[in-house]
């Protein structure tokens, strides 16, 4: 999938992945890949800045843990993040419906 296709949608996808459970960065990247059937292979240099931006906005919280001698930062959705995800899902449905109407099914 082209990177341009993701532009503007990565934040919503990150929020959606974190809806079910807190995850560390690599697990988030793997969840995106798994949920997309392998279509999304988003680089760490794209994901980590987005996670930090979402945390600064109050949509995510994070905590550090030590796993096997390695420090991991785990991200979780906040109440504000749940509301933001709902709003972005509504926006996506409207956008998808509009594009479908224009492109048609033929």
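The values are calculated or read from the model by the stated rules, or taken from the named source; none is laboratory data. Predicted, not measured: the structure shown is a model, and the values here were computed from it. Neighbour counts are summed over all protein chains in view; Cβ atoms, including those assigned to glycine, are modelled from backbone coordinates with ideal geometry.
Among the residues of the stretch 66-77, is any touching a residue at least 40 places away in the same chain (Cβ under 8 Å), in a helix (DSSP H, G or I), surrounded by 12 or more Cβ atoms within 10 Å (Cβ to Cβ) and in contact with a helix residue (DSSP H, G or I) (Cβ under 6 Å, 6 or more places away or on another chain)?
For the stretch 66-77, residues touching a residue at least 40 places away in the same chain (Cβ under 8 Å), in a helix (DSSP H, G or I), surrounded by 12 or more Cβ atoms within 10 Å (Cβ to Cβ) and in contact with a helix residue (DSSP H, G or I) (Cβ under 6 Å, 6 or more places away or on another chain): absent.
Just checking: which of the helices (runs of 4 or more DSSP H) contained wholly in the stretch 1-52 hold 2 or more residues that are modelled with pLDDT of 95 or more and buried (at least 16 other Cβ atoms within 10 Å of the Cβ)?
Once the helices (runs of 4 or more DSSP H) in the stretch 1-52 are filtered for at least 2 residues that are modelled with pLDDT of 95 or more and buried (at least 16 other Cβ atoms within 10 Å of the Cβ), what remains is 10-18, 25-35.
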